[in-house]
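Participant: Sharing a structure here in structure tokens format.
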Amino acid sequence: MKYSLCIEPVFENVPFYDRIALAKEAGVDAIEFWNPCSYDTKKIGQICGQLGMAVAGCCVADQWDMRMNLPYDIVKKNVEKTIGLGKEMGCTTFIGLAGELECKVDSQKMVLIENLKRLSELCEREGVTIIIEALNSLYDHKGYYLDSSYVGFEIMKAVNSPNIKLLYDCYHMQLMEGNLVNSITNNIDYIGHFHSAGVPGRHEPEFGETNYPRIIKTIESLGYDRYFGLEYWPEMADNLQSIKDTLAYYNK
């Protein structure tokens, strides 16, 4: 399995760009982060190149404001901007958010399907992947539309593009649904990235209720060849050791 680390919730007392070297020291294969507009993407690319680290992914530009259910021309322009930033650091995978629940009937799904279908041509031409993230609406993201992997997979099936996938966040889906192994097994072709954290609390995965070694063995058996991301807030004061312990736990 290839592992990526979201470097924003870890090493919070360390300057952002210095966290890349710490991620390498921790033993992950790649980094990821949130809004690319918040940082110097050229600098990230240079540091990663020097360290031999990949950028597994980042969010689309200004992801909390530029949701994927906005009018298509706005979405397209923002994705084009994001692709340009991605090229500066060798990143070709971008996380999109589905937006807040805006209607009583599920017309929002159709808006997302239409936007993503139209985007797929751009993504295929540019060789990039958009991954739409399902989030929990119970605790962290109340009011968020896409809080079900089942709906997410329906959207992926309707879009039917190798460049449009679902980001399967095990933390969020454990809270909303459970049944992770079966859900992943039945839909692995529609998954473009994984995130993980402990439930409850979003801290070290090994102290939560989710059996991550079982999940990872399942994913590996299905031939998945993308990244499995660590995105959690450590409770251990020694963040470096926390990440090393998590990787050891994942590989049990």
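Bear in mind that the values in this text are calculations on the coordinates, not laboratory data. All of these numbers come straight from a predicted model, not from anything done at the bench.
Participant: Please list, in chain and number order, the residues 5+ apart from TYR145 or on another chain whose amide H is under 5 Å from its amide H, with Hs placed from the backbone.
Facilitator: Those qualifying (amide H under 5 Å, at least 5 residues apart or on another chain) are GLY99, GLU100, LEU101.
Participant: Taking N as the number of residues in segment 47-99, what value does Rg over Cα atoms divided by 2.2 N^0.38 Å take?
Facilitator: 1.23
Participant: Let a ≥ b ≥ c be the square roots of the eigenvalues of the Cα gyration tensor of the chain; is it rounded (a/c under 1.5), or, if not, prolate (a/b larger than b/c) or oblate?
Facilitator: Taking the square roots of the gyration eigenvalues as a ≥ b ≥ c, the chain is oblate.
Participant: Then there is this: Tell me which residues come under 5 Å, amide H to amide H, from ASP169 once H is placed; ignore anything under 5 positions away on its chain.
Facilitator: The answer is ALA134, HIS195.
Participant: Here is a further query. So what J values fall out for segment 215-220 if you push phi through Karplus, 6.51 cos²θ - 1.76 cosθ + 1.60 with θ = phi - 60°, rounded to Hz, Gly and Pro as x?
Facilitator: 4, 5, 4, 4, 4, 4
Participant: As a test, work out the antiparallel percent of DSSP beta bridges whose residues both lie in the chain, rounded to the nearest 5.
Facilitator: Close to 5 percent.
Participant: I'd like the Karplus ³J(HN,Hα) series for segment 185-201: coefficients 6.51, -1.76, 1.60, θ = phi - 60°, whole numbers in Hz, and an x wherever there's a Gly or Pro.
Facilitator: After applying 6.51 cos²θ - 1.76 cosθ + 1.60, I find 4, 7, 9, 4, 5, 9, 9, x, 5, 10, 10, 8, 6, x, 10, x, x Hz.
Participant: Report the relative contact order of segment 121-200, percent, no decimals, based on alpha-carbon pairs under 8 angstrom and at least 6 residues apart.
Facilitator: 33 percent
Participant: Could you derive backbone 3J(HN,Hα) for segment 171-180 from the dihedral phi with the Karplus parameters 6.51, -1.76 and 1.60 (θ = phi - 60°), listing whole Hz in sequence and x where the residue is Gly or Pro?
Facilitator: Using θ = phi - 60°, the values come out as 5, 5, 6, 5, 5, 8, 9, x, 6, 5 Hz.
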